[in-house]
Amino acid sequence: MIRAILLFMCFSTAPAQPCEWFLPIRAEDRRSWEAVRLSGIGEFGLPRRARPEVPAHLHTGVDILRPGENYRDEPVFPAAEGIVISLRSDGPFAQVIVEHRCPGGNTVWTVYEHLAGLAVTVGDTVSPHRPLGRFMNREELNRFGWQFDHLHFEILREKPRPLAPAPKTPLRLFTPYSLECFSAEDLHKYYFDPGEFLASRWKRLE
Ligand SMILES: [Zn+2]
């Protein structure tokens, strides 16, 4: 009985306050960076070499590895409450952008890429306790490539750039600055270091 009550309490978390921040992945403590493992080239600001159709650029987010061995339905969560402003659900670059209108006029945006199984749409208010979607499953990784076996996660200081929706991606209304940061100056103009940003928010709560 006590166990049932405890389980119930775990799953009926009170609604998050606006801009109360959490890790975007499952973890014992979602208010600590401790559980985060990045891919070998997943650090924020890491120089990325040019490849066909992509110029050399700095990595504008972090590549967070799957926390464990769940290759079926490993959830990805919004990092805070917010509103979905853009979404593409096609292929390995499936992406959700959330706008967070924080108190004091401090609006920031978060980007989640390489998602599958999207559970939200544009205009939805999202909670950090409900998944946006999930990491790709084994079958999707076999199809698209195992280089996508991570969550690309960004936090933006500037509003993403509006985009005219294309027929294949009608809800892709904004795009971040992922491929246009060529210097530290560009990077810090548009982006926060996600690890530093979250740590600073959690520190305020101590
Ligand atoms: Zn990345």
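The values are calculated or read from the model by the stated rules, or taken from the named source; none is laboratory data. Keep in mind the model is a prediction, meaning the values are calculated, not measured. Quick reminder, even Gly has a Cβ in these numbers, built from the backbone with ideal geometry, and neighbours come from all protein chains shown.
Assess whether ALA199 counts as being surrounded by fewer than 17 Cβ atoms within 10 Å (Cβ to Cβ), among the aliphatic types (A, V, I, L, M) and either within 14 Å of the ligand (Cβ to nearest atom) or part of a loop (DSSP other than H, G, I, E, B) (or both). So ALA199 does not fit the description; no. Flag not set for GLY68, criterion: more than 19 Å from PRO170 (Cβ to Cβ), in a loop (DSSP other than H, G, I, E, B) and either in contact with a helix residue (DSSP H, G or I) (Cβ under 8 Å, 6 or more places away or on another chain) or of a type in the set (Phe, Trp, Tyr) (or both). Here the stretch 45-72 is the region considered, the condition is being within 11 Å of the ligand (Cβ to nearest atom) and charged (D, E, K, R), and the residue that is surrounded by the fewest Cβ atoms within 10 Å (Cβ to Cβ) is ARG48. For GLY104, the conditions (1) in a loop (DSSP other than H, G, I, E, B); (2) at pLDDT below 95 all hold with the exception of (1).
For the stretch 108-158, the set of residues classified as within 16 Å of the ligand (Cβ to nearest atom) and more than 13 Å from the chain's Cα centre (by Cα) consists of MET136, LEU141, PHE144, GLY145, TRP146, GLN147, PHE148, ASP149, listed by residue number.
For the criterion of being within 16 Å of the ligand (Cβ to nearest atom), surrounded by fewer than 16 Cβ atoms within 10 Å (Cβ to Cβ) and at pLDDT 95 or above, ARG37 passes. When each of PRO78, PRO103, PRO92, PRO128 is tested for being out of contact with any strand residue (DSSP E or B) (no Cβ under 8 Å at 6 or more places or on another chain) and within 20 Å of ARG172 (Cβ to Cβ), the lone residue that passes is PRO92.
Just one of the listed residues (PHE135, PHE144, PHE148) is among the aromatic types (Phe, Trp, Tyr), more than 25 Å from TYR190 (Cα to Cα) and buried (at least 21 other Cβ atoms within 10 Å of the Cβ), namely PHE135.
Only residues that are in contact with a Leu (Cβ under 7 Å, 6 or more places away or on another chain) and either part of a helix (DSSP H, G or I) or more than 16 Å from the ligand (Cβ to nearest atom) (or both): list them for the stretch 159-181, please.
Initially, the stretch 159-181 is screened for residues in contact with a Leu (Cβ under 7 Å, 6 or more places away or on another chain), giving 162-163, 165, 171-176, 181.
The answer is PRO162, LEU163, PRO165, LEU171, ARG172, LEU173, PHE174.
Residue count for the stretch 44-69 satisfying the condition of being farther than 23 Å from SER183 by Cβ and in contact (Cβ under 8 Å) with a residue 12 or more places away in the chain: 5. As for the stretch 114-129, it holds at least one residue that is farther than 22 Å from ASP29 by Cβ and crowded, with 22+ Cβ neighbours inside 10 Å.
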